[in-house]
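These notes concern the structure reproduced below.
The values are calculated or read from the model by the stated rules, or taken from the named source; none is laboratory data. None of these values were measured; they are calculated from a predicted model. Positions of Cβ are backbone-derived with ideal geometry, glycine not excepted, and every protein chain shown enters the neighbour counts. Accessible surface areas use protein heavy atoms only, side chains included; no ligands, DNA or RNA. Shrake-Rupley method; radii C 1.70, N 1.55, O 1.52, S 1.80 Å.
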Amino acid sequence: MLKVVKFGGSSLADATQFKKVYNIIKADESRRFVVPSAPGKRNKEDTKVTDLLILAFSHRDEADFEEIFKTIRGRYQAIIDELGLDYSLDEEFKTIHDAIKAGVGFDYVVSRGEYLNGLLLANYLGFDFIDAKDVICIDESGNYDAKKTDPLLTAELEKHEYAVIPGFYGIRNDGSGEIQAFSRGGSDVTGSIVAKCANANLYENWTDVSGFLIADPRIVKKPLPIETITYAELRELSYMGASVLHENSIFPVRSAGIPINIKNTNRPQDPGTLIVESTVHRPAHIITGIAGKKGFATVSIEKDMMNSEIGFGRKVLQVFEEYGLSFEHMPSGIDTMTIIVNTKEFIKHEQDIISGIHRAVHPDKIDLESDLALIAVVGRGMKANRGTAAKLFTALAKEKINVKMIDQGSSELNIIVGVRNVYFEDALRAIYNAFIVEEEEEF
């Protein structure tokens with residue numbers, strides 16, 4: 001058994017959290033490769049180390065730079081002192097300080113939080129340290145280069161029984177030798193890549209929550225946790241706003257068939273959520289999860305005999321493409337077609353797009369409507385149960401919520417409904433009550 005474990009910023013925010021991480025890793029000898037984030041917030045008023053580094057970078061030519069840098073240094077020194085370690089990061093801080101003052105690039109600066117935490121954690125655990133810049137290649141857009149990374153990282157991991165590999169960054173794949181970072185939250189991606197290249201049996205992602213919840217706890221009171229979820233279900237929920245795991249971190253482990261376990265550093269006894277490619281595990285409820293987002297607009301196009309006009313849809317979508325807009329959904333009828341887009345992006349080019357559609361397909365009418373929220377109801381159990389849609393619409397009707405749009409994928413994995421923004425929270429609660437609370441009461 002081989003496990004790769006990734007710990008988020010909240011799990012490594014101070015010495016107390018470091019001790020929890022130490023106990024978790026030492027409790028299971030199969031936890032051989034560790035991927036840390038930079039120290040996160042210790043409390044609500046605190047600042048993440050990565051944010052402090054960004055602040056230092058932006059103030060590198062100003063008088064307060066030294067004070068900001070001193071604060072960053074103090075975060076790590078406090079951990080060293082409280083853990084009683086005979087270890088110094090002085091030389092590393094001198095190198096980083098001089099590099100920032102000399103005008104080093106932004107990605108180098110923001111990656112130093114993970115780098116320093118990796119060195120510190122490796123020393124504390126007694127593990128080897130592998131610098132991510134030596135084994136992970138990233139293109140200039142921040143995407144993982146599997147072709148260059150996989151052979152490098154696989155060969156390096158084979159040399160170590162236990163090692164710490166800092167998350168979030170690597171080397172630019174153009175031969176420049178420059179540090180390149182993933183997007184924020186990219187330590188999840190690093191962990192996934194390490195798990196793939198180590199041929200791990202399990203990728204544990206440790207954070208400050210006990211896995212995924214069926215619904216947003218800010219809207220639904222004490223939602224139940226999700227025990228098992230498939231990659232496909234997770235992708236649907238993540239796209240609609242559910243965020244515990246970095247979206248791109250799914251793909252490396254998914255390609256290798258490695259499950260992910262989302263665990264809570266503060267409650268290691270909790271089972272968390274297991275993310276798998278596929279499973280015969282019977283879900284506890286018809287639906288797995290509910291997620292949604294506000295802020296969409298609809299562009300409804302009407303034209304008689306639209307369905308017989310070859311290339312109609314292509315011509316319409318080409319107009320949106322010309323202005324760099326992607327569409328979310330596209331429900332249609334015989335003589336109608338509706339494009340759902342992000343309101344903020346659409347409004348920048350609103351009149352140009354309307355004019356473009358008129359020139360492209362000569363519609364009888366175009367109607368615009370904003371103030372739309374989309375809610376995705378996701379679950380592999382929906383395929384085997386009749387009346388899911390009826391139950392969903394009944395729940396919304398009971399709350400007098402009008403459904404503005406309906407879209408169901410051919411996989412029968414999800415149903416997406418559109419409601420007015422003002423009804424978004426009420427709709428989520430109504431759906432949760434119908435599929436979770438009422439089902440729980442039946443048993």
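Screening region 6-117 for helices (runs of 4 or more DSSP H) wholly inside it with 3 or more residues that are of a type in the set (A, V, I, L, M, F, W, C) and either within 30 Å of ASN199 (Cα to Cα) or open to solvent by 10 Å² or more (accessible area, probe 1.4 Å) (or both) returns the ranges 15-26, 49-58, 65-83.
Residue pairs whose Cβ atoms lie under 6 Å apart, separated by 6 or more positions or on different chains, with the first residue in region 105-133 and over 16 Å from LYS6 (Cα atoms) and the second open to solvent by 30 Å² or more (accessible area, probe 1.4 Å) and hydroxyl-bearing (Ser, Thr, Tyr), are ASN123/TYR87. Of the helices (runs of 4 or more DSSP H) lying entirely inside region 341-398, not one carries at least 2 residues that are at positive phi.
Scanning region 329-357 for residues that are under 25 Å from GLN408 (Cα atoms) and β-branched (Val, Ile, Thr), which turns out most open to solvent (accessible area, probe 1.4 Å)? Out of the qualifying residues, it is ILE334. So, in region 393-422, exactly how many residues are modelled with pLDDT of 90 or more, surrounded by fewer than 20 Cβ atoms within 10 Å (Cβ to Cβ) and touching a Lys or Arg at 6+ places or on another chain (Cβ under 9 Å)? Matching residues across region 393-422 total 4.
Out of curiosity, is GLU92 farther than 26 Å from LEU157 by Cα and of a type in the set (Asp, Glu)? Step through it out loud before you land on a result.
Numbers: farther than 26 Å from LEU157 by Cα: no; of a type in the set (Asp, Glu): yes.
No; evaluated as a whole, the condition is false for this residue.
Counting only strands (runs of 3 or more DSSP E) that sit wholly inside region 124-238, those with at least 1 residues that are open to solvent by 50 Å² or more (accessible area, probe 1.4 Å) are 169-172. When ASN421 is tested against (1) free of Cβ contacts under 8 Å to residues at least 60 places away in the same chain; (2) in contact with a strand residue (DSSP E or B) (Cβ under 8 Å, 6 or more places away or on another chain); (3) not basic (Lys, Arg), exactly one condition is not met: (1).
Taking region 247-268 as the search range and keeping residues that are open to solvent by less than 30 Å² (accessible area, probe 1.4 Å) and modelled with pLDDT under 85, which one is farthest from GLU412 (Cα to Cα)? Top of the filtered list is SER249. Give just the number: which of (1) under 30 Å from VAL422 (Cα atoms); (2) surrounded by 16 or more Cβ atoms within 10 Å (Cβ to Cβ) does SER326 not satisfy? Evaluating SER326 over (1) under 30 Å from VAL422 (Cα atoms); (2) surrounded by 16 or more Cβ atoms within 10 Å (Cβ to Cβ) leaves (2) as the failure.
Quick check: anything in region 314-323 part of a loop (DSSP other than H, G, I, E, B) and either over 17 Å from ILE366 (Cβ atoms) or touching a helix residue (DSSP H, G or I) at 6+ places or on another chain (Cβ under 9 Å) (or both)? Spell out how you get there, then give the answer.
Just the residues of region 314-323 that are part of a loop (DSSP other than H, G, I, E, B), to begin with: 323.
With the extra rule that they be either over 17 Å from ILE366 (Cβ atoms) or touching a helix residue (DSSP H, G or I) at 6+ places or on another chain (Cβ under 9 Å) (or both), the set shrinks to 323.
Within region 314-323, one or more residues are part of a loop (DSSP other than H, G, I, E, B) and either over 17 Å from ILE366 (Cβ atoms) or touching a helix residue (DSSP H, G or I) at 6+ places or on another chain (Cβ under 9 Å) (or both).
Those residues that are surrounded by 23 or more Cβ atoms within 10 Å (Cβ to Cβ) and assigned to a strand (DSSP E or B), I need them from region 269-290; list them, please.
The answer is THR273, ILE275, GLY289, ILE290.
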